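Asks: Here it is, the structure in full.
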Amino acid sequence: MAAPASNSDSVEARIPASCPGSISQILYHAWHHDAAGLKPLLNVPGRASVQEPTTGETPLHAAIRACTPANRSALDDGEGEAEAAAVVRELFMSGAIWNDVDSNDETPGCVAARLGLKDLYTLCVEAGVRAELLFGLLDGYEELESDDGEEEETGEDGEGAQEDGKEGEDAGGAAEIESAEDVEVVVDSDRAFVPPKRLNGPDVNSKDYLRSNLTYDDGKLVDSDKNGVMMAWETSIMRSSVEGLLPGLAAGHKILNIGFGMGIIDTMFAETQPSKHHIIEAHPAVLEHVNGPDSKFSKDWEASSPVPGGYKVHGGKWQDIVPKLLEGGETYDAIYFDTFGEDYGQLRMFFTEYVPGLLEEEGRFGFFNGLGADRKICYDVYTQVVEMHLSDAGLDVEWQVLDVDMNDMKTEGEGEWEGVKRRYWTLDKYRLPTCTLLG
Ligand SMILES: C[S@@+](CC[C@H](N)C(=O)[O-])C[C@H]1O[C@@H](n2cnc3c(N)ncnc32)[C@H](O)[C@@H]1O
């Protein structure tokens, strides 16, 4: 096949013919959608996930990137998405990693989405779901490295390149590889993506968060590292969550909310005049905010509760409190879960081990769905993963798609994001889950 004339830096321009199994060779066959040539090279563990050292390009990126209109027409046999799909499948069957990012901070699925390659995008999502289900079975969740400071460094350039119209084909030139010794095969098969809630980076965890100082400041709650714990722009999501859990906002229900934050959802719950309103909150500063002498919350809600004693704040981690509620025979019509600094494994444990016992037969369970919300493909993967895990736990889920007004959202560091370390939400749609017990 001829090399695309317009892309002198492209993979095939730099192939050292003497290096079977080298990064360049593997990328070359992936780029040319040559499944037959690729297959024998993938018989060594890790080969399907080699990364070009300079651009971070993997064979998946190369196979997908070769489908840009410019690159496709440059391939002399006119092949396209179907041929690429065969190669992408071969790579996934050989252990390719679905969520490796290149130097543009794009996973292969991000490239497919940007280029409008729906079938290839779907293959990447399916691979992500399989991988995450497997890691869930192995209980092997680990933080993904893709969203740390590196992203901040590369983000601007990446955006600039796209705005300039330099899509895909110009993004990933391969470095010079003179001999097989130069080849670095990246074996990283035990990586799972853990969609964190409202934060990214391995430096934040529940223990540190619960010890950190918090600041309530002008429409947001941030921790001492300026991670956004809760923000006022989420108010409409909280409103829709309450409407999903309590259709018609009917009064007199028994409600459990985990994670008080700014008290946005609890204020809405209190307005429905529940017969029971239990809140679990672990952070001392948040507890002070709820219960302290200057607080507008607890005193009002205690006074207005239609059932004396119906309003109660349980101070402590839900992991310690929920088992006691269960033992005490408490049940609820509506349960909402929205914590901070905990990984998906905790949410899964909550809805698997506790929700079925705490929920009334006709009750509803919801949670803040921020799983992987800083990247479309991660959000799409985790929608499917959580749905399967909910089903395993005996819960049916209905998704309501809400618009998140991105025009109002400003860019990182501006508007509502000013003073927040990292923008944890980048998507224009929110999938709101409302769960019920399977019959
Ligand atoms: C995102 S905020 C909740 C926002 C809330 N939905 C609202 O409408 O304002 C998360 C809250 O969960 C609390 N939290 C974090 N880990 C917790 C745990 N293990 N148990 C109980 N609360 C926890 C945090 O301190 C924080 O107040």
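Asks: I'm checking my understanding of the structure. Among residues of region 279-296 that are within 11 Å of the ligand (Cβ to nearest atom) and assigned to a loop (DSSP other than H, G, I, E, B), which one is nearest to residue 335 (Cα to Cα)?
Replies: It comes out as 282.
Asks: Condition first: farther than 19 Å from residue 368 by Cα, more than 25 Å from the chain's Cα centre (by Cα) and either at pLDDT below 90 or crowded, with 22+ Cβ neighbours inside 10 Å (or both). Can you find one or more residues in region 280-288 that meet it?
Replies: no
This table checks each residue for (1) more than 11 Å from the ligand (Cβ to nearest atom); (2) in the same structural domain as residue 415 (by TED's automatic domain parsing); (3) closer than 30 Å to residue 378 by Cα; (4) surrounded by fewer than 19 Cβ atoms within 10 Å (Cβ to Cβ).
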position: 215; (1), (2), (3), (4): yes, yes, yes, yes
position: 223; (1), (2), (3), (4): no, yes, yes, no
position: 252; (1), (2), (3), (4): yes, yes, no, yes
position: 256; (1), (2), (3), (4): yes, yes, yes, no
position: 263; (1), (2), (3), (4): no, yes, yes, no
position: 277; (1), (2), (3), (4): yes, yes, no, no
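Asks: For residues in region 348-370 being hydrophobic (A, V, I, L, M, F, W, C) and in a strand (DSSP E or B), which is surrounded by the fewest Cβ atoms within 10 Å (Cβ to Cβ)?
Replies: 359
Asks: Determine whether region 400-411 contains at least one residue that is hydrophobic (A, V, I, L, M, F, W, C), modelled with pLDDT under 95, in a loop (DSSP other than H, G, I, E, B) and closer than 27 Å to residue 207 by Cα.
Replies: No, every residue in region 400-411 fails to be hydrophobic (A, V, I, L, M, F, W, C), modelled with pLDDT under 95, in a loop (DSSP other than H, G, I, E, B) and closer than 27 Å to residue 207 by Cα.
Asks: Still on this model: Does region 297-304 contain any residue that is at pLDDT below 90, more than 35 Å from the chain's Cα centre (by Cα) and of a type in the set (S, T, N, Q)?
Replies: The answer is yes, given that some residue of region 297-304 is at pLDDT below 90, more than 35 Å from the chain's Cα centre (by Cα) and of a type in the set (S, T, N, Q).
Asks: Which of the residues spanning region 312-337 are within 16 Å of the ligand (Cβ to nearest atom), open to solvent by 20 Å² or more (accessible area, probe 1.4 Å) and within 18 Å of residue 246 (Cα to Cα)?
Replies: none
Residues checked against (1) modelled with pLDDT of 90 or more; (2) charged (D, E, K, R); (3) more than 11 Å from the ligand (Cβ to nearest atom):
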residue	(1), (2), (3)
197	no, yes, no
200	no, no, yes
203	no, yes, yes
206	yes, no, no
220	yes, yes, no
226	no, yes, yes
231	yes, no, no
234	yes, yes, no
237	yes, no, no
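Asks: Evaluate the following for residue 302: is it free of Cβ contacts under 8 Å to residues at least 60 places away in the same chain, open to solvent by 10 Å² or more (accessible area, probe 1.4 Å), in contact with a strand residue (DSSP E or B) (Cβ under 9 Å, 6 or more places away or on another chain) and away from the ligand (no atom under 14 Å from the Cβ)?
Replies: Yes, satisfied.
The values are calculated or read from the model by the stated rules, or taken from the named source; none is laboratory data. These figures come from a predicted structure and were not determined experimentally. With ideal geometry, Cβ positions are generated from the backbone for all residues, glycine too; neighbour counts draw on all protein chains shown. Surface accessibility is based on the protein's heavy atoms, side chains included, excluding ligands, DNA and RNA. Shrake-Rupley method; radii C 1.70, N 1.55, O 1.52, S 1.80 Å.
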